[in-house]
Amino acid sequence: MPLVVLKSSRLMWVRLAALLFTCVAFSVAAHGGNVSGGMGDWSIFCWAFSFAGTLLVLVVEVMGLQSRTPVSWTNFPITFACYALLLCLSASIIFPLYFLKGQTVHSEVRDHRIASTVFSCLATVAYFVEVSLTRAQPGEVAGYMATVPGLLKVCETFVASVIFVFVSDPISYDSHPGVKWCMAVYCICFIISAAIVVMCVGECTGRLPFSFARFLSAYALLAVAMYLSATIIWPIFKFDSRYSGSSSRPYACQINQGLCPWDKLVTVAVLTALNFLIYLADLAYSARLVFVTA
């Protein structure tokens, strides 16, 4: 009968803390937070998904099953931790914005919502510490997803996913060909970045008929050019009065709870610029990666 030996380490304690914090966050919100609607469902999904993934990682490592998993265990844990970090961060921002700000509810319900927000923030910190502990250090041989370019790929796909949420409710990408081009930029870059993440986690990069490092550099250059165009085009067609846009916040937004349609347009513009900067940093690191490995 095999024995399971528990080895205490900072990483294990951090993962246990993240497991506890996410469990409390979604349990409290679901039990007494009176949470409903799309944003409430999203927040609970963020916490529950992070909890389930962390539990899976802990079970595999405690049982010593890393070599039997169908994915690269040098890439999967840090990839998941980075996604969990971003998910909990988004929930920590969205949940209080929709369920605490300007809400007049029973004190017990409000206390539950405050507790969920606090534990969501704690989970975010725990996942940040995990990523810091497991990312590749200078000169260390590690999986691609543990390097800065790999972590940037996770950020690129996550930011694009958030953009999709805001442009879809309400639909704001079909008003002009220029805006449709922006949507095409978001979709193309998301698909390629997500494919890179999947190939790295699935250890499929060695099967490519071309140099993976040079492909990363070429793709990063293309993505920078595409996102630069979207960063310029989106504000022009959404906030310029010549294209039926508005550069000032409507009065109706002041009485709405959460984000109004104009706020979401601004958020998309900000996230587009953010992803442009992330791809720019990715290009710098990818070019360096090609130079080093050449």
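The values are calculated or read from the model by the stated rules, or taken from the named source; none is laboratory data. Keep in mind it's a predicted model, so treat the numbers as computed, not measured. Cβ placement follows ideal geometry from the backbone for every residue including glycine, while neighbour counts extend to all protein chains displayed. The accessibility values were calculated without ligands, DNA or RNA, using every heavy atom of the protein model including side chains. Shrake-Rupley method; radii C 1.70, N 1.55, O 1.52, S 1.80 Å.
Overview of results
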{"quantity": "Residue satisfying all of: in region 187-211; under 14 Å from Leu222 (Cα atoms) and free of Cβ contacts under 8 Å to residues at least 60 places away in the same chain; surrounded by the fewest Cβ atoms within 10 Å (Cβ to Cβ) among these", "calculated": "Ile191"}
{"quantity": "Options Ala84, Ala91; residue that is in contact (Cβ under 8 Å) with a residue 60 or more places away in the chain and under 15 Å from Val14 (Cα atoms)", "calculated": "Ala84"}
{"quantity": "Qualifying positions in region 212-224 - within 22 Å of the chain's Cα centre (by Cα) and open to solvent by 50 Å² or more (accessible area, probe 1.4 Å)", "calculated": "Leu221, Leu222"}
{"quantity": "Among (1) assigned to a loop (DSSP other than H, G, I, E, B); (2) out of contact with any helix residue (DSSP H, G or I) (no Cβ under 6 Å at 6 or more places or on another chain); (3) at pLDDT 85 or above, the one test that Trp42 misses", "calculated": "(1)"}
{"quantity": "Residue in region 238-257 that is open to solvent by less than 50 Å² (accessible area, probe 1.4 Å), in contact with a Ser or Thr (Cβ under 9 Å, 6 or more places away or on another chain) and either of a type in the set (S, T, N, Q) or part of a helix (DSSP H, G or I) (or both) present", "calculated": "yes"}
{"quantity": "Selected residue [outside any helix (DSSP H, G or I), closer than 22 Å to Gly150 by Cα and either touching a strand residue (DSSP E or B) at 6+ places or on another chain (Cβ under 8 Å) or open to solvent by less than 40 Å² (accessible area, probe 1.4 Å) (or both)] from Ser50, Ser72", "calculated": "Ser72"}
{"quantity": "Residue in region 148-171 that is modelled with the highest pLDDT, counting only those that are among the polar types (S, T, N, Q) and open to solvent by 10 Å² or more (accessible area, probe 1.4 Å)", "calculated": "Ser161"}
